[in-house]
Amino acid sequence: MKYFILIILLALNPVSDLDKIATINKHKKQAREAYNNGEYEKALSHYTFLVDSMKVDEPEVLLNYGNTLYQLNDTTRAIERFASLYETNDKEVRSVANQQLGVIHNKMLKEPKAALEYFKQALKDDPTNEDARYNYEMLKKALKEQEQQQDQQDQQDQNKEQQQDQKEQEDQEQQQQDQQNDQQQKDQQEQQDKEQQSDQKKEGEEGEQNEDQEQKDQEQSEEESGEEKEQKDQQQQEGEPDEQDDQQNEDLQNSVAEKLKDMKISEEKARMILEAMKNNEIQYFQQNKRKPTKKKDSSKPDW
């Protein structure tokens, strides 16, 4: 029976097909060993031979081919290999392919939001894919923190912009206030200059008036001084006889006193006589004060 089955297999599968299967299995094994040993260039050569030369399209081979390209940082070709597994019926392989695409978009392409969608699709394909779940949760948390930080930064930028706008507004208001103050000071200075000029003009006019008044006062003073001098001269002329009269009266009183002494008149009586003479003298002085200081104008009437 065993020989019969072997004969049938030999009839259905030529020797060349058996050699092809053996070759494929050999390169699969060598590729896995090289990949596990970190010999990615060697593993890449085996997978390239399997896919390009032997036309192997098994999902596992294509997935390992993509992983090998990823390890060699050949991002473009790795994405192509992983993307070729979108339509595979093997959900586990499809889940790992989406997971790897998420890693590439997150780490290499710096597209965390696209990576999060790949991790999410990987979990849909295979909910038991714990690596995809871990990456999804960690990236989701990081994006949330990043959004919070971005919101804070946006708020800070907004506050900073508002402060800058407020400062610009304050600076503008201060500039306007300074301009108003400068204009007020300028107006005040102009007003002060006008007032000063007006005061100087007024002082000049008053000075001229004062000079005229002083000149008039001086002329009047000189005129009055002349009249006073004339009056004093006249009084002196009129007063000289008075001094002569006083001397004469004094001599007369002395003469009368000697005569009274010779006549042996009492002291009390002599005092009475002298008192009477003194009264006469006072009356005489009063009469002299009533005399006019100016000469009588003959052209005017007596009244």
| query | Most exposed first by the Cβ proxy, i.e. fewest other Cβ within 10 Å, how do Thr68, Thr48, Thr76 rank? | reply | Thr76, Thr48, Thr68
| request: Arrange the following residues from fewest to most other Cβ atoms within 10 Å of their Cβ: Ile24, Ile104. | output: Ile24, Ile104
| query | Taking the Cα centre of the range 12-157 as origin and charging only Cβ (+1 Lys, Arg; -1 Asp, Glu), how large is the dipole, in debye to the nearest 20? | reply | 280
| said: I'd like the GluC sites (Glu not before Pro) in the range 135-203 restricted to DSSP loop residues with at most 16 other Cβ atoms within 10 Å, sorted by number. | reply: none
| request: Kindly count the pairs of lysines across the range 44-189 whose alpha carbons are less than 21 Å apart, treating pairs on different chains or eight or more residues apart as eligible. | output: 19
| Length-normalised contact order for the range 82-151 - Cα pairs under 8 Å, 6+ apart - percent | 27
| query | Could you give the distance between the Cα centres of the range 124-185 and the range 17-69, to the whole Å? | reply | 52
| Exposure proxy order (Cβ contacts within 10 Å, fewest to most) of Phe82, Phe49 | Phe49, Phe82
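Once a ≥ b ≥ c are taken as the square roots of the eigenvalues of the Cα gyration tensor of the range 63-121, is the result rounded (a/c under 1.5), prolate (a/b larger than b/c) or oblate (a/b not larger than b/c)?
Judged from the Cα gyration tensor, the range 63-121 comes out oblate (a/c at least 1.5, b/c at or above a/b).
No lab work stands behind these numbers, since they all come straight from the coordinates. Treat the numbers as computed from the prediction; the structure is a model and nothing was measured. A quick note on method: Cβ atoms are made from the backbone with ideal geometry, for glycine too, and the neighbour counts reach across all protein chains shown.
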